[in-house]
1. What percent do you get for the relative contact order of the chain when only Cα pairs under 8 Å and 6+ apart count?
2. In the chain, carbon and sulfur make up what percent of the accessible area (probe 1.4 Å)?
3. Dipole size in debye (nearest 20) for the chain around its Cα centre, Lys and Arg Cβ +1, Asp and Glu Cβ -1?
4. Report the label-to-label distance for Leu105 and Val121 in nanometres (one decimal), using points 7 Å from each Cα along the Cα→Cβ vector.
5. Suppose the chain between Ala76 and Arg141 were pulled fully straight at 0.36 nm per residue; how much longer would it get relative to their current alpha carbon spacing?
6. Shape of segment 95-143 from its Cα gyration tensor (a ≥ b ≥ c, root eigenvalues): rounded if a/c is under 1.5, otherwise prolate when a/b > b/c, or oblate?
7. Quick one, which of [x] 59, 37, 27; [y] 71, 41, 30; [z] 55, 34, 27 is the actual Cα extents along the principal axes in Å calculated for this model?
8. Calculate, for Met21 and His51, the FRET efficiency according to 1/(1 + (r/R0)^6) with r their C-beta to C-beta distance and R0 22 Å; round to the nearest 0.05.
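The values are calculated or read from the model by the stated rules, or taken from the named source; none is laboratory data. What you see is a predicted model; the values in this text were computed from it and never measured. We place every Cβ from the backbone using ideal geometry, glycine too, and count neighbours over all the protein chains shown. Accessible surface is based on the protein model in full, side chains and every heavy atom, while ligands, DNA and RNA are left aside. Shrake-Rupley method; radii C 1.70, N 1.55, O 1.52, S 1.80 Å.
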Amino acid sequence: MVDRVAKLVPPGPGVRLKEAMGSPAFRREMEREEVRRLVEAALRVEGTPRHLSVHAAGIVIAPWPLETKAPLCRTADGTTVTQYPGEDLEALGFLKMDLLGLRTLTVLSKAAQLVREGRGVALDLGRLPLDDAAVYEALSRGEAEGVFQLETGMF
């Protein structure tokens, strides 16, 4: 029964049960008491996290013990993690930092190598200027595709 009702929900990201409830087939199913109870339960949990996800290089810092303001749990490997998404942690006053992983550092190293080979310019990644006007102009125009921290919908 659950599978039959689930197949009546249109596929795609962000589809909500209320959208599915507009279809005649879904409304017919809802005439059955067990389906109505199932959908009512589903509506209560819709949008809540389905599983624990851990940011590989996310670090949370606070001037107080984390457990006093955020629920914590342990992963299968024993790592302590918060059960709140990063945005919620920041709203509570925590500092959340995402550190670059080794894969990103490898990409940066390869990019510097390609610039050196293609343009004859040697880049020292540790000494790049942090106040480059052309970079800030590009960011102001929204040209941040591929920049992990800047291409999210948060800004």
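1. Working: 84 pairs, mean separation 19.6, N = 155.
13 percent.
2. Details: 7040 of 12240 Å².
Carbon and sulfur: 58 percent of the exposed surface of the chain.
3. Details: 20 positive and 22 negative charges, 113 e Å.
Charge dipole, the chain, about its Cα centre: 540 debye, nearest 20.
4. In this crude label model, Leu105 to Val121 measures out at 2.5 nm.
5. Details: separation 65, 0.36 × 65 = 23.40 nm, distance 4.32 nm.
Gain in length upon complete extension: 19.1 nm.
6. Numbers: a/c = 1.96, a/b = 1.13, b/c = 1.73.
Verdict is oblate for segment 95-143.
7. [y]
8. Details: r = 25 Å, r/R0 = 1.16.
Given R0 = 22 Å and the Cβ-Cβ separation, E is 0.30.
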